[in-house]
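To start, the structure itself, in structure tokens.
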2 protein chains.
Amino acid sequence: MAHSSKDSHPCPVSRLMAVLSGPWTMYILWVLSTQGATRFGALKRLVEGISTKVLTERLRLLEQEEILYRHYEPTVPPQVTYGLTARGLELCTVLDQLNALAESWYSISSKSQAIALGCYKPPSP
Amino acid sequence: MAHSSKDSHPCPVSRLMAVLSGPWTMYILWVLSTQGATRFGALKRLVEGISTKVLTERLRLLEQEEILYRHYEPTVPPQVTYGLTARGLELCTVLDQLNALAESWYSISSKSQAIALGCYKPPSP
DNA sequence: CGGAATCCCGCAGGATACTG
DNA sequence: CAGTATCCTGCGGGATTCCG
């Protein structure tokens with residue numbers, strides 16, 4: 001959560017975790033993995049409560065790590081679409097396992113199962 | 001990183017990530033998984049640079065989630081030992097997969113492979 | 001529409017000192 | 001030895017405003 005993007009990380013997990021551990025990040029991944037490629041505005045609406053600043057920060061980071069791609073369409077008004085890359089899909093596979101583990105520990109209160117992976121977001125004030 | 005221990009999390013991963021994403025946490029897990037059960041002082045020495053405050057905070061959290069156990073021996077001076085629980089070991093299995101993924105992405109600079117899992121720590125100032 | 005820039009603030013984390 | 005208690009500080013995130 002320090003890690004200002006250019007830090008040299010001692011090892012791979014270090015680097016990956018530095019990305020994933022940011023607030024909203026998992027939530028964003030989850031939205032993209034369930035909704036498919038999504039435009040900026042829609043994303044902001046779906047990840048309800050996030051500020052534009054943080055959303056763009058997270059997207060840039062995830063893009064740098066090639067976990068998601070950014071497609072810019074120079075129409076007027078411009079359209080920008082974000083979606084998971086191959087890496088992003090791989091990642092979600094592992095995250096799903098993490099989710100399965102978590103579910104088995106904190107035995108699920110029935111129907112919340114559908115919203116499984118990555119609903120990680122800060123508690124609403 | 002908000003999440004002051006009593007927050008009700010919307011879903012399992014949310015809760016698990018809130019624990020794992022804290023700075024030093026993965027590093028602590030990595031040390032315990034490689035060194036085995038370790039005493040407080042030794043842990044503080046191994047996780048070099050961490051403050052006692054944060055170390056105890058993280059240990060308490062991980063203990064609450066039953067990812068590690070705390071064994072108190074009332075000798076003089078007292079001895080406290082921390083080690084991974086069954087859950088902790090399960091968790092490390094999945095984290096290892098995350099590590100494998102990260103390694104395949106950021107292709108490893110040869111010999112740093114040994115320090116694989118969880119070397120996640122803030123960059124030294 | 002999809003951002004970049006700016007300001008402001010809380011609280012997580014560091015350092016230090018002290019106890020059972 | 002294994003922590004608590006206190007104070008201090010930075011910076012990460014929210015809100016707002018402006019740009020192409």
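The values are calculated or read from the model by the stated rules, or taken from the named source; none is laboratory data. Keep in mind that what you see is a predicted model, and the values were worked out from it rather than measured. Here Cβ is always computed from backbone atoms with ideal geometry, including for glycine, and neighbour counts include all displayed protein chains.
Quick notes
- Residue selected from region B:43-53 under the condition loosely packed, with under 15 Cβ neighbours inside 10 Å and away from chain A (no Cβ under 14 Å), by the criterion farthest from DNA strand C (Cβ to nearest atom): B:45
- Residues of region B:9-31 classified as among the hydrophobic types (A, V, I, L, M, F, W, C), under 13 Å from residue A:14 (Cβ atoms) and not in a helix (DSSP H, G or I), total: 1
- Leading residue by the ranking (surrounded by the fewest Cβ atoms within 10 Å (Cβ to Cβ)) among those in region B:54-68 that are within 13 Å of another protein chain (Cβ to nearest Cβ) and charged (D, E, K, R): B:66
- Selection from region A:69-99 of residues that are closer than 20 Å to residue A:13 by Cα, loosely packed, with under 15 Cβ neighbours inside 10 Å and among the hydroxyl-bearing types (Ser, Thr, Tyr): A:93
- Scope region B:53-74; condition outside any helix (DSSP H, G or I), of a type outside the set (D, E, K, R) and near DNA strand D (Cβ under 9 Å from one of its atoms); matching residues: B:72
- All positions within region B:58-80 that are of a type in the set (Val, Ile, Thr) and more than 20 Å from residue A:101 (Cα to Cα): B:75, B:76, B:80
- Which numbered condition residue A:21 misses (of (1) at pLDDT 95 or above; (2) near DNA strand D (Cβ under 9 Å from one of its atoms); (3) out of contact with any helix residue (DSSP H, G or I) (no Cβ under 7 Å at 6 or more places or on another chain)): (1)
- Pair list, Cβ < 8 Å and 6+ apart or interchain, from region B:96-115 residues that are within 23 Å of residue A:97 (Cβ to Cβ) to residues that are surrounded by fewer than 14 Cβ atoms within 10 Å (Cβ to Cβ) and modelled with pLDDT under 55: B:103/B:113
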